[in-house]
Amino acid sequence: MSVYDKLKELGITLPPVAAPAAAYVPFVQTGNLVFLSGHIAKKDGKPWTGQLGKNMATEEGKAAARAIAIDLMGTLHAAVGDLGKVKRIVKLMSLVNSTGDFT
């Protein structure tokens, strides 16, 4: 099954690359490596804000993380033209805003 078949099965449509919020590019390719810029969660086209353990529940945090992952795949698709070409993800970094006592 191709990655696109799996996305379709999951009901996921890859979004276009989001316009940068500042002076940076969404991705850079050098040789066979592609580096993606950081992404923020968006809900209804606006930044998805909140803090886990304060005003955001775990399920909402999971939904925000899923939204970012889908945006990242859309950016990667734009960078390489075909997600089937991707052989490996070398590094993935995630930052989560949570209270000190959130587990």
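Summed over qualifying helices (DSSP H, 4 residues or more, each -39500 (n - 2.57)) and divided by its residue number, the chain shows a 222 nm mean residue ellipticity of -9500 deg cm²/dmol. Contact order for the chain, expressed relative to its length and based on alpha carbon pairs under 8 Å spaced 6+ residues apart, stands at 33 percent.
Amide H to amide H, with H built 1.01 Å from N, PHE27 comes under 5 Å of SER37, counting only residues 5 or more places away or on other chains.
Checking the a/c ratio against 1.5 first, then a/b against b/c, what shape does the Cα gyration tensor give for segment 34-81? Prolate is the answer for segment 34-81, as a/c is 1.5 or above and a/b outweighs b/c.
Here Kirkwood radius over Cα pairs in Å was computed from the coordinates, and among (1) 18.2; (2) 14.2; (3) 15.2 the match is (3). The aspartates and glutamates whose alpha-carbon is closer than 19 Å to the alpha-carbon of LYS8, local same-chain residues fewer than 8 away aside, are ASP71, ASP82. Straight-line cross-link partners of LYS87 among the lysines, defined as a Cα under 18 Å from its Cα and at least 8 positions apart when in the same chain: LYS6.
Values quoted throughout were computed directly from the atomic coordinates according to the rules given, and no laboratory measurement underlies them. Note that this is a predicted model, so its numbers are computed, not measured.
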